[in-house]
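Engineer: Before I ask anything, here is the structure I am working with.
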Amino acid sequence: MDFWPVTSTLGPSLAGALWLALLVDRSLGEPPARWHPVVWMGHYLGWMGQRIAPQRTQAGEGADITRFVRGALAWSLGAIVITMLAWWLQRWLLSWHAVVAMVLLGLLLKPLLAWRMLRDEVQAVETALQTSLESGRAQLARLVSRDVSTLDAHQVRESAIESLAENLNDSLVAPLFWFALLGLPGAALYRYANTADAMWGYRGLREGRDWTWAGKWAARADDVLSWIPARLTALLLALVRGGLSWRILRAQAPRTPSPNSGWPMAAMALALDVRLGKPGVYVLHESGRAPQAGDTLRAVQLGERVVLLLALLLGAALLFVGENRA
């Protein structure tokens, strides 16, 4: 099965689709929820999650292989359907005129990335903080799943900047990386895996359901698919900032429980020279200062530079591969 038939004629169309998706994202943002494929993924995962994760008052103890297998099968079913649908759409579109294929592929790719929404939500946290701490906390709660009720202003900014760094990978770098590698099926599979991890990948109880084993496959699948992109995101942040020590970054990144999220977060902390962390869990760049109001804007600006650099690099790679497969 030829997932990614890059040729000398299709290379420019594929690169153009990537650039068009980013342009549409910047200009228009997200499509309505009823037309959003990630929302559809969430509906399936929510429906199936009710059937694989038991309702409990406390997390179970010991291995639950039955729940693990059910979770793996439910995840795999969704992954197969989504990947095959994306493959069929891509194959069909690439049989059309190159310009038409470029436009339609770009429009289909757009919902699988979300930089503008992330940027606006993070900036909204800082704007809300200027009104009151409570407003800042309420706005932050739209971005993160942690308890925000006890956070001070510095910690609210820490969480917002961390969310920007982590989701810069999850919502932009990773889907575009997999698009460049495997086309629309790659981007769709990644967004499905990342959404499944966000909904199922918990160690214990969430909303009265025990995800310890039911969500383990989803969590590990996201870890695998995010491994290279997370490090690529950190590298891109280092390049756009300049002067970051890769040795120090490698020492900081493993401090988070996640094998991947620490990379972009540590790179952002070092780039801004601020301390980031989650109380009682980890601290990144502990010698840095507490984030100030201007640091949120600086983080957004670094993200914008990463978007531009990634678009140039992946677009050039697609053109190069197309020419060499002529």
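Engineer: Could you look through the range 280-324, keep only residues that are outside any helix (DSSP H, G or I) and either exposed (fewer than 13 other Cβ atoms within 10 Å of the Cβ) or without any contact (Cβ under 8 Å) to a residue 24 or more places away in the chain (or both), and pick out the one that is nearest to the chain's Cα centre (by Cα)?
Structural biologist: Initial filter on the range 280-324 (outside any helix (DSSP H, G or I)): 280-292.
Subset that is either exposed (fewer than 13 other Cβ atoms within 10 Å of the Cβ) or without any contact (Cβ under 8 Å) to a residue 24 or more places away in the chain (or both): 280-281, 286-289.
On the way: Gly280: 24, Val281: 21, Glu286: 25, Ser287: 28, Gly288: 26, Arg289: 27 Å.
Of everything passing the filter in the range 280-324, Val281 is nearest to the chain's Cα centre (by Cα).
Engineer: Any chance the range 266-274 includes a residue that's over 14 Å from Leu164 (Cβ atoms) and among the acidic types (Asp, Glu)? Give the steps one after another, and end with the answer.
Structural biologist: Kept after step one, since they are over 14 Å from Leu164 (Cβ atoms), are these residues of the range 266-274: 270, 273.
Remaining after also requiring among the acidic types (Asp, Glu): 273.
Checked the range 266-274: at least one residue is over 14 Å from Leu164 (Cβ atoms) and among the acidic types (Asp, Glu).
Engineer: If you go through the range 55-70 one residue at a time, do you hit one that is under 25 Å from the mean Cα position of the chain (by Cα), surrounded by 15 or more Cβ atoms within 10 Å (Cβ to Cβ) and either closer than 26 Å to Leu310 by Cα or of a type in the set (Gly, Ala, Ser) (or both)?
Structural biologist: So far as the range 55-70 goes, no, none of its residues is under 25 Å from the mean Cα position of the chain (by Cα), surrounded by 15 or more Cβ atoms within 10 Å (Cβ to Cβ) and either closer than 26 Å to Leu310 by Cα or of a type in the set (Gly, Ala, Ser) (or both).
Engineer: Now for a separate question. Looking only at the range 115-141, count every residue that is within 21 Å of the chain's Cα centre (by Cα) and more than 21 Å from Gln301 (Cα to Cα) and tell me the total.
Structural biologist: Initial filter on the range 115-141 (within 21 Å of the chain's Cα centre (by Cα)): 115-125, 139-141.
Next, only the ones that are more than 21 Å from Gln301 (Cα to Cα) stay: 141.
Final tally of qualifying residues: 1.
Engineer: If we keep just the residues of the range 102-114 that are over 15 Å from Gly183 (Cβ atoms) and surrounded by 21 or more Cβ atoms within 10 Å (Cβ to Cβ), which is farthest from the chain's Cα centre (by Cα)? Explain how you work it out, then say what you get.
Structural biologist: The initial filter retains those residues of the range 102-114 that are over 15 Å from Gly183 (Cβ atoms), namely 103, 111, 114.
Adding the requirement that they be surrounded by 21 or more Cβ atoms within 10 Å (Cβ to Cβ) leaves 111, 114.
Values: Pro111: 12, Ala114: 8 Å.
Checking each candidate, the answer is Pro111.
Engineer: Filter the range 176-216 for residues that are more than 17 Å from His36 (Cα to Cα) and of a type in the set (Lys, Arg); which is surrounded by the most Cβ atoms within 10 Å (Cβ to Cβ)?
Structural biologist: This residue is Lys216.
Engineer: Looking only at residues that are in contact with a strand residue (DSSP E or B) (Cβ under 9 Å, 6 or more places away or on another chain) and surrounded by fewer than 22 Cβ atoms within 10 Å (Cβ to Cβ) in the range 239-266, which one is farthest from Trp227 (Cα to Cα)?
Structural biologist: Within the range 239-266, the subset in contact with a strand residue (DSSP E or B) (Cβ under 9 Å, 6 or more places away or on another chain) is 252-253, 255-257, 262, 265-266.
When the remaining residues are screened for being surrounded by fewer than 22 Cβ atoms within 10 Å (Cβ to Cβ), the result is 255, 257.
Details: Arg255: 15, Pro257: 14 Å.
Here the residue is Arg255.
Each value in this text was obtained by applying a stated rule to the coordinates, not by laboratory testing. Model, not experiment: these values are computed from the prediction. Here Cβ is always computed from backbone atoms with ideal geometry, including for glycine, and neighbour counts include all displayed protein chains.
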